[in-house]
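Presented below is the structure to which this report refers.
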Amino acid sequence: MFIIMSEVLCYKCHAQKAKYKIRLQLVCENCFTKNTEHNFRCTLKTSIFPRNGEKILICLSGGANSASLLHLMDSCNNPEKTTKMMKFIPEVLFFDDSLVYNLPDSEVTEYLQVIERRYKCPVHRVKLEEVAPEFMSKSKGDQKKLAGLLYIEIHKWIGLIAKRLGISKVVTGESASRIASTVLAGICKGAGVSVNVFSGETLENDGIKLAKPMKDLLDKEVCIYQHLNKLPLLYRPFLGDSGYEKQSIDGLVENFLNNLQSKFPSTTHTLLRTASKLVPVKMEEKCELCNGPKDSPLCDLEQFLIFDPHFCYACQHLI
């Protein structure tokens, strides 16, 4: 349960009634918001350290994570939220994948207009069918494959679009829960060589620095923050079939971690700390699909069939 129905006072201010239980601590709404924004600013500074007048590209998808990311970034320049404003110039990248979800164009346009009015920053709308016209044919109607390819395709294009716009620093809205499930699912699918790419706080590629400043926030905390600030969302239908027996590896791993997290609150952050300690094997060749390191068999025990020499092991099986 998110809401605590009791007369217990907030552990931080000791004045307001506690309403939420966050990592075994009872907090009120005001302290939760202030603490979330403060921790976010600290993480942002250590990851990319935005400078005065520097452009930062904020990736927006319309979900709770990216909506919270945009609002948190806006709080960094809000004098009512902090006395130490960063004064960077925010720009929003909206990667339009409405073709995959069959969303009407008018709904997406209306949502972006709301974003522009609320945050008063330019929004760059990039349509999936324009940059990757052959994308839909790759999945061949398989919804599980489509969901995995969509995540890879979007993250591959983020850096390329940032380079076109002349912006060297990009932030995305992956939470700790999302990163942890991506790491574990990647290992299950044979992408263990890319663990450092999934779990890293920052990733620099071709002069573009990609940061995940929400890496310490759980999905539960993101949802509470989005609810308290009444942030607008663009709802999308679920990709794939329902039911555990029909779910993809990503969905099963996410459910597994969520169940563990509900019983053991340190599960997600322990997994991420462990993943960050792994030393990646240096590989010069990159996979043409996911842009990660392209692995190959290192010994007789690791012999596997190479279907396409341009792709890593996990992407070969994905396509």
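The values are calculated or read from the model by the stated rules, or taken from the named source; none is laboratory data. The model shown is predicted, which means the values in this text are computed figures rather than measured ones. All Cβ positions, even for glycine, are placed from backbone atoms using ideal geometry, and neighbour counts span all protein chains on display. All accessible areas refer to the heavy atoms of the entire protein, side chains included, with ligands and DNA or RNA removed. Shrake-Rupley method; radii C 1.70, N 1.55, O 1.52, S 1.80 Å.
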Estimated 222 nm signal from helices in the chain, with DSSP H stretches of n ≥ 4 weighted -39500 (n - 2.57), rounded to 500: -13500 deg cm²/dmol
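Could you provide, to the nearest whole Å², the per residue accessible area of segment 8-72 with probe 1.4 Å? Show your work: numbers first, answer last.
Values: 3070 Å² over 65 residues.
Accessible area per residue: 47 Å².
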Where q = 0.15, 0.16 Å⁻¹, what log10 of I(q)/I(0) comes from the Debye formula for the chain, counting one point per Cα? -1.42, -1.59
Stretched fully, the stretch from SER276 through TRP157 gains (0.36 nm per residue minus C-alpha distance, one decimal, in nm) 40.4 nm
Which distance in nm do the two modelled labels at ARG23 and LYS230 give, with both placed 7 Å along the Cα-to-Cβ direction? 3.0 nm
With DSSP loop assignment and no more than 10 other C-beta atoms within 10 Å, the trypsin sites (Lys or Arg not before Pro) in segment 75-169 are LYS84, LYS120, LYS140
Nearest 5 percent is fine: what portion of the DSSP beta bridges confined to segment 1-147 is antiparallel? 30 percent
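To check you understand DSSP bridge types, tell me what percent of the beta bridges within the chain (both residues inside) are antiparallel, rounded to 5.
On the way: 10 of 26 bridges.
Antiparallel bridges: around 40 percent, rounded to the nearest 5.
With the Cα gyration tensor of segment 9-69 giving a ≥ b ≥ c as the square roots of its eigenvalues, does the rule (a/c under 1.5 for rounded; else a/b larger than b/c for prolate; else oblate) give rounded, prolate or oblate? Let's see the in-between values first.
On the way: a/c = 3.21, a/b = 1.95, b/c = 1.65.
Taking the square roots of the gyration eigenvalues as a ≥ b ≥ c, segment 9-69 is prolate.
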Over the chain, with every protein chain in place, what whole percent of the accessible area is carbon and sulfur at 1.4 Å, could you tell me? 55 percent
With r as the distance between the Cβ atoms of GLU7 and THR202 and R0 = 51 Å, compute the FRET efficiency 1/(1 + (r/R0)^6) and round to 0.05. 0.75
Under 15 Å by backbone N from the virtual spin label 7 Å along Cα-to-Cβ at GLU80, the residues of segment 107-135 are 118-120
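Please report, largest first and rounded to whole Å, the three semi-axes of the ellipsoid equivalent to segment 250-291, where each semi-axis is the square root of five times an eigenvalue of the C-alpha gyration tensor.
Numbers: eigenvalues 163, 49, 5 Å².
One finds semi-axes of 29, 16, 5 Å for segment 250-291.
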Reachable lysines from LYS220, criterion Cα separation under 19 angstrom, eight or more residues apart if same chain: LYS19, LYS21, LYS34, LYS212, LYS230, LYS263
With +1 assigned to the C-beta of every Lys and Arg and -1 to the C-beta of every Asp and Glu, and no other charges, what is the dipole magnitude of the chain about the Cα centre in debye, to the nearest 20? 1340 debye
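Please report the relative contact order for segment 1-131, taking Cα pairs under 8 Å with a sequence separation of at least 6, and give it as a percent rounded to a whole number.
Details: 162 pairs, mean separation 21.6, N = 131.
Computed over segment 1-131, the figure is 17 percent.
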Between TYR101 and VAL123, how high is the FRET efficiency from 1/(1 + (r/R0)^6) when r is the Cβ-Cβ distance and R₀ = 25 Å? Nearest 0.05. 0.85
Given Cβ charges of +1 for Lys and Arg and -1 for Asp and Glu, the option among ILE58, PHE88, VAL114 whose Cα lies farthest towards the positive end of the dipole of the chain is PHE88
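If R0 is 22 Å, what FRET efficiency do you get for PHE238 and MET136 from their C-beta distance, rounded to 0.05?
Working: r = 18 Å, r/R0 = 0.82.
It comes out at approximately 0.75.
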Evaluate the distance, in nm, between pseudo-label points positioned 7 Å from the Cα of SER296 and of HIS14 along their respective Cα→Cβ axes. 6.5 nm
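Quick check: residue separation of GLU110 and SER168 times 0.36 nm, minus the Cα distance between them. What number comes out in nm? Don't jump to the answer; show the numbers that get you there.
Working: separation 58, 0.36 × 58 = 20.88 nm, distance 2.88 nm.
That works out to 18.0 nm of additional length.
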Using a Cα-Cα cut-off of under 15 Å, which aspartates and glutamates could be cross-linked to LYS189, ignoring same-chain neighbours fewer than 8 residues away? ASP250, GLU254, ASP295, GLU302
